[in-house]
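Worksheet: the structure to be examined is printed underneath.
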Amino acid sequence: MTTLFISDLHLEESRPDITSAFLAFLDEKARGVEQLYILGDFFEAWIGDDERTPLQEQVAEALRTVSDAGTELFLMHGNRDFLIGEDYCNRIGATLLDDPTVVDVYGTPTLLMHGDSLCTADVEYQKFRANMRNPQWQQMILQRPLAERQQMARQLREISMAKNKDKEEFIMDVTPDEVVKAMEAYGVQRLIHGHTHRPAVHELEADGKPAKRIVLGDWGENVWWLEAEPGREPTLKKQPL
Ligand SMILES: O=C(CCCCNC(=O)Nc1ccc(S(=O)(=O)N2CCN(c3cc(Cl)cc(C(F)(F)F)c3)CC2)cc1)NO
């Protein structure tokens, strides 16, 4: 009985090494597990389920095989792939999860988040996020012809490349008070999230009781996953790409 959590693969055509690491992960680690949770930034970019790229098809086929074999798949949006829709989720056999969602992990209520909403110190990003997550904005974008959205995504990437002069876009860490606030609001003692690319297990206190915040790692250099089994603390695992 095993449940796995991954996030921040940032799958994209320019990183075939991550795609093959993911396919190997599905084959070797995820085979036969009960649940696989993908907690956001699974893809580096997503401009609508109607853009059918070879990468998306290849990944969908591999995930469909895993879900058809009996593993329950769950997908959560990240700050990159928040436009993934029900259509793609149906194609891969995954359930789309709200951010945040509380799930039961072998008897322990666990709060699942992508994590970007916890980075409240990044005021500029939170403003950007509010627009991107606004259903009206999303409808407005998704109604544009695919070619136009592809052009816009290219421009946005160029802007962020120019801004960051080919270094990684800086991702602020979570605000500690925000973490406690979220865990107390949902009455949980365990939180699992990604986004910050700072994998670790943090001990803290929520509601005057010991609590844990588990941060998943991105797949830029290593394969990271969290393994949960009944009666054991979840374990963060990593191996080279
Ligand atoms: O975490 C931090 C910072 C972390 C980094 C935050 N940056 C970050 O996520 N950037 C980003 C994410 C997705 C893409 S995209 O290519 O997939 N794609 C672009 C066009 N999209 C769009 C959607 C909507 Cl609704 C509305 C528009 C509109 F109207 F603006 F054009 C465009 C859909 C998504 C491109 C860049 N700090 O703490």
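Each Cα pair under 8 Å and six or more residues apart adds its sequence gap; the mean of these over the residue count of the chain is a relative contact order of 23 percent. Karplus-derived 3J(HN,Hα) values for region 132-142, using 6.51 cos²θ - 1.76 cosθ + 1.60 with θ = phi - 60°, are 4, 8, 6, x, 5, 4, 5, 4, 4, 6, 5 Hz; glycine and proline are entered as x. Charges were assigned to the Cβ only: +1 to each Lys and Arg, -1 to each Asp and Glu. The resulting dipole of the chain about its Cα centre is roughly 260 debye.
Where nothing but the Cβ of Lys and Arg (+1) and of Asp and Glu (-1) is charged, how large is the charge dipole of region 1-65 around its Cα centre, in debye to the nearest 20? Working shown, then result.
Numbers: 5 positive and 14 negative charges, 63 e Å.
The dipole magnitude comes to about 300 debye.
At 222 nm, what value in deg cm²/dmol follows for the chain if DSSP H runs of at least 4 each add -39500 (n - 2.57) and the sum is divided by all its residues, to the nearest 500?
Result for the chain: -10500 deg cm²/dmol, rounded to the nearest 500.
At 1.4 Å probe size, with the rest of the protein present, what percent of the exposed accessible area of region 3-240 is carbon and sulfur atoms?
About 52 percent, which is the carbon plus sulfur part of the accessible surface.
For Ala211, the residues 5 or more places off, or on other chains, whose built amide H falls under 5 Å of its own are Leu204, Glu205, Ala206. For region 65-79, what does the Karplus curve 6.51 cos²θ - 1.76 cosθ + 1.60, with θ = phi - 60°, yield as ³J(HN,Hα) per residue in whole Hz, taken in order and with x for Gly and Pro? Each residue of region 65-79 in turn: 4, 5, 6, 5, 7, x, 7, 7, 9, 10, 10, 10, 5, x, 6 Hz.
How about region 137-241: which chymotrypsin sites (Phe, Trp or Tyr not before Pro) there lie in a loop by DSSP and see at most 14 other Cβ atoms within 10 Å?
Working: sites: Trp137, Phe170, Tyr186, Trp219, Trp224, Trp225; in loops: Phe170, Trp219.
In loop regions of region 137-241 (DSSP not H, G, I, E or B), the sparsely surrounded chymotrypsin sites (Phe, Trp or Tyr not before Pro) are Phe170.
Under 5 Å from the amide H of Leu11 lie the amide H atoms of Phe43, Glu44, each residue being 5 or more positions distant or on a separate chain, with H modelled from the backbone and absent for Pro and chain starts. Once the gyration tensor of the Cα atoms in region 3-240 is diagonalised, the equivalent ellipsoid follows with semi-axes of 27, 23, 17 Å, ordered largest first. Across all directions, the average projected area of the convex hull around the alpha carbons of region 43-132 is 6.9 nm². Note that region 124-131 has calculated 3J(HN,Hα) couplings of 5, 5, 4, 5, 4, 4, 4, 5 Hz, one per residue in order, obtained from phi through the Karplus relation 6.51 cos²θ - 1.76 cosθ + 1.60 (θ = phi - 60°); glycine and proline are x.
Computed FRET efficiency, Cβ-Cβ of Thr120 and Ala185, R0 25 Å: what is it to the nearest 0.05? Mind showing how you got there, number by number?
Values: r = 14 Å, r/R0 = 0.56.
After rounding to 0.05, the efficiency reads 0.95.
Per residue, how much accessible area does region 3-240 have with a 1.4 Å probe, in Å²? Mind dumping the intermediate values first?
Working: 11790 Å² over 238 residues.
Per-residue accessible area for region 3-240 comes out at 50 Å².
Counting 0.36 nm for each residue step from Ala69 to Val103 and taking away their Cα separation leaves a gain of 10.0 nm.
Placing a pseudo-label 7 Å from each Cα along the Cα-to-Cβ vector at Leu23 and Arg129 gives an inter-label distance of 3.4 nm. In this structure the amide hydrogen of Thr95, modeled in the peptide plane, comes within under 5 Å of the amide hydrogens of Leu73, Phe74, Leu75, none closer than 5 places in sequence on its chain.
Tell me, in nm to one decimal, what length is gained between Ala147 and Met161 on full extension, where the rule is 0.36 nm per residue of separation less the Cα-Cα distance? Walk me through the intermediate numbers first.
Details: separation 14, 0.36 × 14 = 5.04 nm, distance 2.09 nm.
Extra length available between Ala147 and Met161 comes to 3.0 nm.
The values are calculated or read from the model by the stated rules, or taken from the named source; none is laboratory data. Since we're looking at a predicted model, the values are computed, not measured. Cβ: placed from backbone, ideal geometry, glycine included. Neighbour counts: every protein chain shown. Side chains are part of the model used for accessible areas, which takes the heavy atoms of the whole protein and leaves out ligands, DNA and RNA. Shrake-Rupley method; radii C 1.70, N 1.55, O 1.52, S 1.80 Å.
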